[in-house]
Amino acid sequence: MLVLTRKTKESIKIGDDIEITVLSVSGDQVKVGINAPKNIEIHRMEIYNDIQKENETASNTVNNLMEKLKNWNIQS
Amino acid sequence: MKIETKYHGQVEISEEDIIQFEQGVPGFEDEQQFTILPLDDEKVFYILQSTQTAPLGFIITNPFHFLKEYDFKIEENYVEQLQLENAKDAAVYVILTVAENFKDSTANLQAPVIVNLKNNKGKQIILTNTTYQTKQKLFQLTTK
């Protein structure tokens, strides 16, 4: 991991198309501005990880799926 | 073309049935081609089946069937990626995590799957600034 120290309003350039700016610092919260092309996705890490984990769990094979669906449809 | 599927054995599909997920989905970024197959006769549940990897399939459903008020904004960069011109062209699905007891199953409302019906491009989008969760109980939705 490349570690840089920036002051408020200072920026970082990544590749040709990405720019990150430290907008403000308040206590241990840092407000970060990101300029990047629209096709590059930007997510809070923990949210992306959460979705990834959920997809992995959701992709597991369900035992007796058809039976479960049939019983559920009958109930509702 | 014939494909092997997770729950349907071998199935015949055509080119128009293939949905392109250019960036895959979170956790499966290399999986770029899926098709949607019905799971039940009532057409409430479907499977988002990878056409590249037979064992990969996500059980999905139309969220509005369970939560009529489900509402969110598709961020501009997603609209562009999907080349979505009209809200009517967007089909919305949510991925289910099926529990051993089916009625305890949960839906990922925070990251719905959008398919542009006009160009067959698909994407799982991640909603920001939302109260919707990744694990929303289906059963609780039906009692609303």
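The values are calculated or read from the model by the stated rules, or taken from the named source; none is laboratory data. The structure displayed is predicted, hence computed values, not measured ones. Here Cβ is always computed from backbone atoms with ideal geometry, including for glycine, and neighbour counts include all displayed protein chains. Just so you know, the surface numbers come from the protein's heavy atoms only, side chains and all, with ligands and any DNA or RNA stripped out. Shrake-Rupley method; radii C 1.70, N 1.55, O 1.52, S 1.80 Å.
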In the range B:1-22, what count of residues is obtained for those that are within 10 Å of chain A (Cβ to nearest Cβ) and buried (at least 18 other Cβ atoms within 10 Å of the Cβ)?
1
Any chance B:ASP71 is open to solvent by 80 Å² or more (accessible area, probe 1.4 Å), out of contact with any Lys or Arg (no Cβ under 8 Å at 6 or more places or on another chain) and either under 18 Å from B:GLU16 (Cα atoms) or at the interface with chain A (Cβ under 10 Å from one of its Cβ atoms) (or both)
no
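Restricting to the range A:22-42, and then to whatever is at pLDDT below 90 and open to solvent by 70 Å² or more (accessible area, probe 1.4 Å), can you tell me which residue is nearest to the other protein chains (Cβ to nearest Cβ)?
Pass one, the range A:22-42, residues at pLDDT below 90: A:38-41.
Filter again for open to solvent by 70 Å² or more (accessible area, probe 1.4 Å), leaving A:38-39.
Values: A:LYS38: 4, A:ASN39: 6 Å.
Result: A:LYS38.
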Residue list for the range B:23-37, restricted to those being open to solvent by 60 Å² or more (accessible area, probe 1.4 Å) and under 23 Å from B:GLY9 (Cα atoms):
B:ASP30, B:GLN32
Could you tell me whether the range B:96-115 includes any residue that is open to solvent by 20 Å² or more (accessible area, probe 1.4 Å), touching a Pro at 6+ places or on another chain (Cβ under 6 Å) and free of Cβ contacts under 8 Å to residues at least 60 places away in the same chain?
no
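When you scan the range B:6-39, how many residues do you find that are among the hydroxyl-bearing types (Ser, Thr, Tyr) and modelled with pLDDT of 95 or more?
Filtering the range B:6-39 down to residues among the hydroxyl-bearing types (Ser, Thr, Tyr) leaves B:7, B:14, B:35.
Okay, now just the ones that are also modelled with pLDDT of 95 or more, so B:14, B:35.
Result for the range B:6-39: 2.
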Of all residues being assigned to a loop (DSSP other than H, G, I, E, B) and among the β-branched types (Val, Ile, Thr) in the range A:1-21, which is surrounded by the most Cβ atoms within 10 Å (Cβ to Cβ)? Just the residue, please.
A:THR8
Can you tell me which residues in the range B:40-55 are at the interface with chain A (Cβ under 9 Å from one of its Cβ atoms) and more than 13 Å from the chain's Cα centre (by Cα)?
B:ASP40, B:ASP41, B:GLU42, B:PRO55
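When the range B:40-51 is examined, which residues are found to be open to solvent by less than 20 Å² (accessible area, probe 1.4 Å), in contact with a strand residue (DSSP E or B) (Cβ under 7 Å, 6 or more places away or on another chain) and either over 30 Å from A:MET45 (Cβ atoms) or of a type in the set (Lys, Arg) (or both)? Before you say what the answer is, go through the steps one by one.
Residues of the range B:40-51 that are open to solvent by less than 20 Å² (accessible area, probe 1.4 Å), as a first pass: B:40, B:44-45, B:47-50.
Next, from what is left, pick out any that are in contact with a strand residue (DSSP E or B) (Cβ under 7 Å, 6 or more places away or on another chain): B:44-45, B:47-50.
B:VAL44, B:PHE45 - these are the residues of the range B:40-51 that are open to solvent by less than 20 Å² (accessible area, probe 1.4 Å), in contact with a strand residue (DSSP E or B) (Cβ under 7 Å, 6 or more places away or on another chain) and either over 30 Å from A:MET45 (Cβ atoms) or of a type in the set (Lys, Arg) (or both).
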Is there a residue in the range A:53-74 that is of a type in the set (Val, Ile, Thr), at the interface with chain B (Cβ under 8 Å from one of its Cβ atoms) and surrounded by 15 or more Cβ atoms within 10 Å (Cβ to Cβ)?
yes
